[in-house]
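Visitor: This is the structure I want to talk about, given as structure tokens.
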Amino acid sequence: MSLEYECRQTIDSRDVDGAGCCRASALLGHMQEAATRAAETSAFGRKIILEQYHAFWMLTRIFFWLQRPLRWGEELTIRTWHRGGRAAMLYRDFDLLVGGAPVGEGVSAWVLADQDSRRLLRLGDIPEIQGTEGTHCKTLKLSKLKRPESLTLAERRPMRYSDTDINNHVNNTRYADFACDMVGMPREGQFLSELRLGFLSECRMGEVLEIFTGGEPDRPFVLGRDGQGKDRFEAELGFGSCPLSGPLF
């Protein structure tokens, strides 16, 4: 039985930047909330997975592409489904629409990790997932990002209370904010049309990340690394032309 899920979310004042466009972190938050609700309406939501398998869903990679900015006051429709689970990674796809018209799409990759050991579970051993994949799955796979040969230390950033989530580690959406802060946004006449994020290791309050930047001006790369040299997140951003600039409200 295919478990496709659809929800609607108005882009409100908490989501937008000074140009009235939806921030990347806000869009990722809406996508992840849709993924969570989709899982909860099935038999493999957070509570069931924790109680029956002593495990939790961990987001490892995420991508979105937009053909135009999402603007303040627009109603965003998110359609989502997963591709099936057999090995260790489960892909979840997204279609993004405004007024019934496509404006973008996304893909995320998830794993099930043991609550204590962080050992990955085989999805084929979770019967609740089997046979529930979507009917028009995408083909994009999210591999590890290719890093530029040269990276420059841009900032040392402490992880604070406001960065954390229900799992007591830095919320996935915050890494999008970290990346956007490093690449000179907002950009006159441009908008963030594409974002790829890889979550390499959990961060917790009190830790300090060294943020490195590199890549081409229109395709910047951002890397977060702890003081011991362990990589924590990586991001690649892409930009499109935007006919609107300045405040939209």
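Visitor: Go through (1) within 30 Å of Gln115 (Cβ to Cβ); (2) in contact (Cβ under 8 Å) with a residue 60 or more places away in the chain; (3) assigned to a loop (DSSP other than H, G, I, E, B) and name the single condition Asp177 misses.
Guide: (3)
Visitor: Suppose we filter Tyr175, Tyr161 for residues that are touching a Cys at 6+ places or on another chain (Cβ under 9 Å) and of a type outside the set (D, E, K, R); which single one remains?
Guide: Just a single option satisfies the conditions, and that option is Tyr175.
Visitor: Using beta carbons and a limit of 6 Å, which pairs, at least six apart or on different chains, have the first residue in region 30-50 and closer than 23 Å to Phe64 by Cβ and the second one of a type in the set (D, E, K, R) and surrounded by 15 or more Cβ atoms within 10 Å (Cβ to Cβ)?
Guide: Here the result reads Ala35/Arg92, each pair linking region 30-50 to a residue that is of a type in the set (D, E, K, R) and surrounded by 15 or more Cβ atoms within 10 Å (Cβ to Cβ).
Visitor: Applying the selection to region 206-242, what residues are more than 22 Å from Glu188 (Cβ to Cβ), among the aromatic types (Phe, Trp, Tyr) and open to solvent by 10 Å² or more (accessible area, probe 1.4 Å)?
Guide: Across region 206-242, the qualifying residue is only Phe212.
Visitor: Just to be sure I understand, how many residues within region 139-167 are open to solvent by 100 Å² or more (accessible area, probe 1.4 Å) and under 20 Å from Phe221 (Cα atoms)?
Guide: Residues that pass the stated criteria total 5.
Visitor: Can you spot a residue in region 119-129 that is outside any loop (DSSP other than H, G, I, E, B), open to solvent by 10 Å² or more (accessible area, probe 1.4 Å) and closer than 29 Å to Ser193 by Cα?
Guide: No, region 119-129 contains no residue that is outside any loop (DSSP other than H, G, I, E, B), open to solvent by 10 Å² or more (accessible area, probe 1.4 Å) and closer than 29 Å to Ser193 by Cα.
Visitor: For the structure I just gave you, tell me whether Trp81 is open to solvent by 50 Å² or more (accessible area, probe 1.4 Å) and touching an Asp or Glu at 6+ places or on another chain (Cβ under 9 Å).
Guide: So Trp81 fails the test.
The values are calculated or read from the model by the stated rules, or taken from the named source; none is laboratory data. Predicted model, so just to flag it, every value in this text is computed and none were measured. With ideal geometry, Cβ positions are generated from the backbone for all residues, glycine too; neighbour counts draw on all protein chains shown. Ligands, DNA and RNA are stripped out before the accessible areas are found, and what is left, the full protein with its side chains, is counted by its heavy atoms. Shrake-Rupley method; radii C 1.70, N 1.55, O 1.52, S 1.80 Å.
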